[in-house]
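Novice: Take this structure first; my questions come after.
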Amino acid sequence: MSWEYVDWGVRRFKRVSALEQNRCNVEFVSRSEIVVPISEMRALEQAFRGRAHLVDRHAGYRGLELLRSIREDGRYVLLTRWRSQEDFRAYMKSGDHQRAHERSHVGLGPLGGGGKLEQLFSVILERADESAEL
């Protein structure tokens, strides 16, 4: 554990887990939009739950989130967090990236038909939830 300073007008400190510490060291985020037919939603979510975790061992990888739209069935956003754009690019060129995307999943067709838009961002500000318990 390490300690992180939290300022609400009074000096307070809280314990920061390794996961939270990784999130704090994020400088780069990749955002991909994935659209699948409604009939494939469950299969897509299962595919992510059962993913091979090949990316997890790459330098600079900080985590991922799969977000399901609450307004449009079949629309997802995938966020991956990285220490740097260079780390992200190295993973994208790796054999692990290719292997992860070559895997087939029962009930899930190729994603190419549904579209996948990738956008890349630098993290400018990250703010923790101030209501979090200390």
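Read-outs throughout are calculated quantities, based only on the coordinates presented, and are distinct from any laboratory measurement. Only a predicted model underlies this, so the values are computations on that prediction, with no experimental measurement involved.
Novice: Tell me, what ³J(HN,Hα) does each residue in the stretch 29-40 have, in order and in whole Hz, if you take phi through Karplus 6.51 cos²θ - 1.76 cosθ + 1.60 with θ = phi - 60° and put x for Gly and Pro?
Specialist: Residue by residue, the stretch 29-40 yields 10, 9, 10, 10, 9, 10, 10, 10, x, 3, 5, 10 Hz.
Novice: Around E27, which amide H atoms from residues at least 5 apart in sequence, or from another chain, sit under 5 Å from its own amide H, with H modelled in the peptide plane?
Specialist: For E27, whose amide H was placed from the backbone, the distant partners under 5 Å are W82, R83, S84.
Novice: Can you run phi through the Karplus equation (6.51, -1.76, 1.60; θ = phi - 60°) for the stretch 68-78 and list ³J(HN,Hα) in whole Hz, with x for Gly and Pro?
Specialist: Along the stretch 68-78, the couplings run 9, 5, 8, 10, 9, 4, x, 9, 10, 10, 10 Hz.
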